[in-house]
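Chemist: Handing you a structure now.
All of the numbers you see were taken from the coordinates with simple rules; none came from a lab. A quick note: this is a predicted structure, and the numbers were derived from the prediction, not measured. Cβ coordinates were reconstructed from backbone atoms using ideal geometry, including for glycine residues, and neighbour counts include every protein chain displayed.
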Amino acid sequence: MDKKHWRLEADHDTCLGTGICAGIAPEHFQVIDGRSVPSAGETLPNEAVRDAVESCPMEALRILDAGNGEVLAPL
């Protein structure tokens, strides 16, 4: 798999559904039933996605390297 892809994950038990992520990166996150959901499992690296993940007040979102599973954000 191409190392340049990111895998997005959301912890639905931790998420408060604030919608900050969807506000910052609406093409990558949406709030469904009060919880954040990545729009796609994988994406190309994108600063808006990183900003959205880093802005989550509950740290319920993660960016992983799609190739090896390394956590890239939040750090």
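Chemist: Compute the distance in nm between two label points, each set 7 Å from the Cα along the Cα-to-Cβ direction, one at Asn46 and one at Glu59.
Modeler: Going by the 7 Å Cα→Cβ label model, 2.5 nm.
Chemist: A further question follows. Work out the length of the dipole vector of the chain about its Cα centre, built from +1 on the beta-carbon of each Lys and Arg and -1 on the beta-carbon of each Asp and Glu, and round it to the nearest 20 debye.
Modeler: Working: 6 positive and 13 negative charges, 17 e Å.
Approximately 80 debye in magnitude.
Chemist: What distance in nm lies between label points placed 7 Å from Cα along the C-beta direction at Lys4 and Leu72?
Modeler: It works out to 1.1 nm between the two label points.
Chemist: Do the sum for the chain: with -39,500 (n - 2.57) for every DSSP H run of n ≥ 4, divided by all residues, what is the mean residue ellipticity at 222 nm, to the nearest 500 deg cm²/dmol?
Modeler: Values: 2 runs with 14 residues, N = 75.
One gets -4500 deg cm²/dmol as the mean residue ellipticity at 222 nm.
Chemist: Oh, and also: Averaged over all directions, how much area does the convex hull of the C-alpha atoms of the chain cover when projected, in nm²?
Modeler: Result: a mean projected hull area of 4.3 nm².
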